[in-house]
Amino acid sequence: MQCSSRRDFLQVAARAAAALALPSALELPAASADAKKRPPNVVFILADDLGWGDLGCYGSKVAKTPNLDRLASEGTRFLNFYVNSPVCSPTRTGFMTGRFPSSLRIHAHFATPEQNDKRGLPQALDPNTSTLADCMRNADYTTGHFGKWHLGDVAPTEYGFDERRVYSMGGESEWEGTELFWRRSSELIADETIAFIKANRDKPFYVNMWTHATHAPLDPSDEQMKPFSDFRTNRVSGTFTTPHAVYHGALSEMDRNVGRVLAQLDESGLRENTIVVFSSDNGPEDIHISETAHSGAGSSGPFRGRKRSLYEGGVRTPFIARWPGHIPAGVVDAQTVLSGVDFLQSVTALCGVNVPKDLALDGEDMSAAWKGTQRARTKPLFWERRFTVIGDTIHMSPMMAMREGKWKLLMNPDRSRIELYDIPADPMEVDNLADANQGIVIKMSEHLLAWHAALPKSPIAPNAGAIAYPWPEASGG
């Protein structure tokens, strides 16, 4: 099924609100008359395993992220943005399709063919599934995807992308043989994105810049880690390298390359007619996984939960959007609840691209919130995690979750571990209100169980939704 374009897209002219946050207009090339008449371009920057609390503009006291912090000051930060899974591939599915990933049998990350079969996953997102890239390309946008893919062994060009250079495509990488890829990944992915912007500056474009950082392996250079030397002191040698130094070195390198892409938009005269979005695919990695320990130094801010967990820290991530004159500058929206499944409808609405009414979508058009009008959701959000939640016991969430209004319900399919939280009042999820609100629990649990029962059948790990610690057995005496 394909999307069609709306040719009479009207562009709002007001830009004065963002002027104070910009360099002098004399420093930037003026957008051409043709560019001003065109629908907006879109640049979607997606980090990997970056937590809600990892950016300076989201409260980090140690991060050095001046470019993303500037992007936030020139746009709007949303504090209640949720991805649709606590792991990679399902979240990316939600962004690209507007559908809950479990409805497409994508409830874990794509791995080897044997692992995919064992866990009941397909080998890739079904290429017949309509995507955001399909919609944009059929509306005469040029589309590109650069960086991490991780939607299976089918190339992005089968999903509506005109151009691509990727890794994590069925285990393959189109950067094979590139020296020090992991150290240079942010730069290399930005290079491709910048080249795409230069080549397509005279026509509408949509481009994904999906970074490797801050996913393991992280391999920053000594120079990249130098600003975090305070993390590298040792009373004996003075040269101890901490996970924090490695993590923030890689994060700062990603931020530097985000700055390069933003600068290219300025140099091309496209700044005012380009929507730039930044987010992350899930919460930060858990430091207990030995091979990803450096990546586990990320922060979920004030929240309980990390990657793989359905608590807030696993599925609540940064979300920044900038479009001068259209998306308010310097605004923090602490009320509106947004989700990855809203992305397709919201972007197409902002760009004047029609979506067929019979396209089955789980999200909703939240573009009004992007443009500054806070609004309540009309659809609930659902999650599931069919496998183990690794790490500290406090992060081991039940297997399913639902957010509707102020309430978030977590539970297992057998109705064990029922937890109900008033998220605005208790974002850390420490005060379980289930016993005091049985009517709400009954109503929400019926909805959540019905959603889960309607999903395609796939294996569930025996310990999914369990909370356990290997307590030493008590002995006599």
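Examine segment 258-269 for a residue that is at pLDDT 95 or above, surrounded by fewer than 24 Cβ atoms within 10 Å (Cβ to Cβ) and β-branched (V, I, T), and state whether such a residue exists.
yes
When segment 321-358 is limited to residues that are closer than 16 Å to P40 by Cβ and part of a strand (DSSP E or B), the one that is modelled with the lowest pLDDT turns out to be N354.
Across segment 102-118, the number of residues qualifying as surrounded by 24 or more Cβ atoms within 10 Å (Cβ to Cβ) and closer than 12 Å to H150 by Cβ comes to 3. Scanning segment 417-459 for residues that are assigned to a loop (DSSP other than H, G, I, E, B), more than 22 Å from R316 (Cβ to Cβ) and among the charged types (D, E, K, R) yields a count of 2.
Suppose the filter is among the hydrophobic types (A, V, I, L, M, F, W, C) and either out of contact with any Cys (no Cβ under 8 Å at 6 or more places or on another chain) or not assigned by TED's automatic domain parsing to the domain that holds V42 (or both); does L344 pass it? No, not satisfied.
Among residues of segment 176-191 that are touching a residue at least 40 places away in the same chain (Cβ under 8 Å) and within 22 Å of V43 (Cα to Cα), those with a beta-carbon under 8 Å from a residue that is assigned to a helix (DSSP H, G or I) and of a type in the set (D, E) at least six positions away or on a different chain give the pairs S186/E253; E187/E253. Of the numbered conditions (1) hydrophobic (A, V, I, L, M, F, W, C); (2) closer than 28 Å to L132 by Cα; (3) surrounded by 22 or more Cβ atoms within 10 Å (Cβ to Cβ), V246 satisfies every one except a single condition; which is it? Status for V246: all satisfied but (2). Among the residues of segment 443-477, those identified as exposed (fewer than 10 other Cβ atoms within 10 Å of the Cβ) and at pLDDT 95 or above are A450, A453, A454. Among the residues making up segment 391-411, those that are surrounded by fewer than 16 Cβ atoms within 10 Å (Cβ to Cβ) and either charged (D, E, K, R) or in contact with a Pro (Cβ under 6 Å, 6 or more places away or on another chain) (or both) are D392, K406. Could you go through segment 233-241 and let me know if any residue there is out of contact with any helix residue (DSSP H, G or I) (no Cβ under 8 Å at 6 or more places or on another chain) and among the basic types (K, R). Yes; the residues of segment 233-241 include at least one that is out of contact with any helix residue (DSSP H, G or I) (no Cβ under 8 Å at 6 or more places or on another chain) and among the basic types (K, R).
The values are calculated or read from the model by the stated rules, or taken from the named source; none is laboratory data. Keep in mind that this is a model prediction, so the values were computed, not measured. We place every Cβ from the backbone using ideal geometry, glycine too, and count neighbours over all the protein chains shown.
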